[in-house]
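The values are calculated or read from the model by the stated rules, or taken from the named source; none is laboratory data. What you are looking at is a predicted structure, and each value in this text was computed from that prediction instead of being measured. Here the Cβ is made from the backbone with ideal geometry for all residues, glycine too, and neighbour counts use every protein chain on show. Only protein heavy atoms, including side chains, enter the accessible area calculation; ligands, DNA and RNA are left aside. Shrake-Rupley method; radii C 1.70, N 1.55, O 1.52, S 1.80 Å.
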Amino acid sequence: MSTGELIGEFEELYGCEPEGVWAAPGRVNLIGEYTDFNDGFVMPLALPHTARVAVARRTDGVLRLHSGDIEAGVTELRVADLAPQPGGGWWTYPAGVVWALLEAGHTAVAGGADVHLRSTVPTGAGLSSSAAMEVSVGLALVDLYELPLNRPELALLCQRAENRFVGVPTGIMDQTASACCTAGHALHLDTRDLSRRQVPFDPTAQGLELLVVDTRVQHALGDGAYAERREGCEEGARQLGVRRLRDVPYEELPAFLGKLTDDRVLRYVRHVVSDNHRVTRAARCLDAGDLRGLGPILTEGHASLRDDLRVSCAELDLVVASAVAAGALGARMTGGGFGGSAIVLVESAAAAAVTEAVTAAFAEAGHRLPRVFPATPSRGAHRVT
């Protein structure tokens, strides 16, 4: 849908013109899974798929929300009455951003707003469709109400909205990626101090493609499995006497694991510490221009997510196995798991054959056929018009 069509829908809904249109991307995480809430390292990149919002301010304290992607009418709320709604509908994500802004003292948003949303980020695919929605709405309100917030601060507020208002205990990676990524780069993010570095990542220039394989198996982070892993990681940190698992040195991992007696906690600790190390190795590859060196790191990461964290599923495992067997340099599940997407690093000349092999494997297994598309490192949140 064009920007003009989005604006036309807004006018038809609300009887006035929007004051602008903003966009924020979904993300795919190159490496570093379940490390962000452990104060660790991650390396996401922004996708060309975005959530776009047309927004106009109000002065009567009413918040009106509409998504053109969902068969539902306009949700109308009073800003003064906003309160956390765990387990609520799609509207809790943008409403939570308004709530978080108010909680942080940005009272200008109390006047309300009219919001109309369209998104091309696949939902339930582990590509952060919710963060894209939050950041696009947040950036619109920051711009319209001239709020003194930079991009990392906006990401933190959007994370707070998802954690506290929506009730999903996500880390900071998704919102930071959507707000702060730049085109042609991956974002090397330290989730402890939020320092970040844009690392050049241009697979096409080296004759490579990074493919996203959406298994079409819907995943939901609010179903308790994500929270259980988070709790297990926190328990591991307590038993090891460290602030967060980030503080366990990779070189001393065997000694630390020897202190643990609970197999579940031990597996979670091993994954987090080793995946932090994989992010560091991946950053070295990118800095050296050795993108092909990422391949084995990706596949190692998948084995850890599958065997230690146990957040994979049959479809994700099949993507990785069939892609590597067909000649991919490496592959792994990405995102929260239990469905969603995998990424595959492949020579450009072999991309079609690998895609065909993965699709054929799904057909033979009787699975719904996956959606496959290239992950082009794209720009973060921005004003469209």
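With the condition being in contact with a strand residue (DSSP E or B) (Cβ under 7 Å, 6 or more places away or on another chain) and within 24 Å of Arg57 (Cβ to Cβ), I'd like the strands (runs of 3 or more DSSP E) fully within region 106-217 carrying at least 2 qualifying residues. Even if it seems obvious, please write down each step before you answer.
Values: elements: 112-119, 185-190, 196-200, 208-214.
Strands (runs of 3 or more DSSP E) meeting the threshold: 112-119.
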Item to check | Pairs where the first residue, in region 130-152, is more than 14 Å from Trp22 (Cα to Cα) and the second is aromatic (Phe, Trp, Tyr) and modelled with pLDDT of 95 or more, C-beta under 7 Å, 6+ apart | outcome: Ser130/Tyr93
Item to check | Scope region 221-249; condition assigned to a helix (DSSP H, G or I), in contact with a helix residue (DSSP H, G or I) (Cβ under 7 Å, 6 or more places away or on another chain) and under 16 Å from Tyr34 (Cα atoms); matching residues | outcome: Arg229, Arg230, Gly232, Cys233, Glu235, Gly236, Ala237, Leu245, Arg246
Item to check | Failed condition for Glu17, given (1) crowded, with 17+ Cβ neighbours inside 10 Å; (2) farther than 23 Å from Asp202 by Cβ; (3) out of contact with any Ser or Thr (no Cβ under 8 Å at 6 or more places or on another chain) | outcome: (1)
Checklist outcome for this item: Scanning region 303-317 for residues that are of a type in the set (A, V, I, L, M) and farther than 13 Å from Arg216 by Cα gives Ala303, Leu305, Leu309, Val311
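Every residue in region 80-105 that is of a type in the set (Gly, Ala, Ser) and either touching a residue at least 60 places away in the same chain (Cβ under 8 Å) or not in a helix (DSSP H, G or I) (or both), please.
As a first pass, look at region 80-105 and keep what is of a type in the set (Gly, Ala, Ser): 80, 83, 87-89, 95-96, 100, 104-105.
The answer is Ala83, Gly87, Gly88, Gly89, Ala95, Gly96, Ala100, Ala104, Gly105.
Can you confirm whether Arg27 is of a type in the set (D, E, K, R), at pLDDT 95 or above, closer than 30 Å to Arg284 by Cα and part of a strand (DSSP E or B)?
On the way: of a type in the set (D, E, K, R): yes; at pLDDT 95 or above: yes; closer than 30 Å to Arg284 by Cα: yes; part of a strand (DSSP E or B): yes.
The answer is yes for Arg27.
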Checklist entry - Mind checking whether some residue in region 26-37 is crowded, with 22+ Cβ neighbours inside 10 Å, more than 30 Å from Pro200 (Cα to Cα) and not acidic (Asp, Glu)? => result no
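Criterion first (among the β-branched types (Val, Ile, Thr), within 16 Å of the chain's Cα centre (by Cα) and open to solvent by 10 Å² or more (accessible area, probe 1.4 Å)) does Thr182 satisfy it?
Values: among the β-branched types (Val, Ile, Thr): yes; within 16 Å of the chain's Cα centre (by Cα): yes; open to solvent by 10 Å² or more (accessible area, probe 1.4 Å): yes.
The answer is yes for Thr182.
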Checklist entry - Which numbered condition trips up Ala46, out of (1) open to solvent by less than 20 Å² (accessible area, probe 1.4 Å); (2) more than 24 Å from Gly15 (Cα to Cα); (3) of a type in the set (Gly, Ala, Ser); (4) outside any strand (DSSP E or B)? => result (4)
Checklist entry - Failed condition for Gly184, given (1) over 28 Å from Leu210 (Cβ atoms); (2) in contact with a Ser or Thr (Cβ under 9 Å, 6 or more places away or on another chain), with all others met? => result (1)
Item to check | region 262-272: number of residues that are open to solvent by less than 40 Å² (accessible area, probe 1.4 Å), closer than 18 Å to His302 by Cα and not hydroxyl-bearing (Ser, Thr, Tyr) | outcome: 5
Checklist entry - Which residues, counting only those in region 250-272, are over 25 Å from Val168 (Cβ atoms), among the hydroxyl-bearing types (Ser, Thr, Tyr) and part of a helix (DSSP H, G or I)? => result Tyr250
Checklist outcome for this item: Going through (1) within 16 Å of the chain's Cα centre (by Cα); (2) farther than 30 Å from Val311 by Cβ one by one, Pro122 fails only at (2)
Item to check | Search result, residues across region 149-168 that are open to solvent by less than 40 Å² (accessible area, probe 1.4 Å) and either modelled with pLDDT of 95 or more or touching a Lys or Arg at 6+ places or on another chain (Cβ under 9 Å) (or both) | outcome: Leu149, Pro152, Leu154, Ala155, Leu157, Cys158, Gln159, Ala161, Glu162, Phe165, Val166
Checklist outcome for this item: Pairs returned, first residue in region 233-252 that is free of Cβ contacts under 8 Å to residues at least 60 places away in the same chain, second residue that is of a type in the set (Phe, Trp, Tyr) and in a helix (DSSP H, G or I), beta-carbon separation under 7 angstrom, 6 or more apart or interchain, are Gly236/Tyr268; Leu240/Phe256; Val248/Phe256
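From the list Ala349, Ala326, exactly one residue is without any contact (Cβ under 8 Å) to a residue 40 or more places away in the chain and under 18 Å from Val372 (Cα atoms). Which is it?
Values: Ala349 fails: without any contact (Cβ under 8 Å) to a residue 40 or more places away in the chain.
So the residue among Ala349, Ala326 that is without any contact (Cβ under 8 Å) to a residue 40 or more places away in the chain and under 18 Å from Val372 (Cα atoms) is Ala326.
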Checklist entry - How many of the residues making up region 49-79 are hydrophobic (A, V, I, L, M, F, W, C), open to solvent by 50 Å² or more (accessible area, probe 1.4 Å) and in contact (Cβ under 8 Å) with a residue 60 or more places away in the chain? => result 1
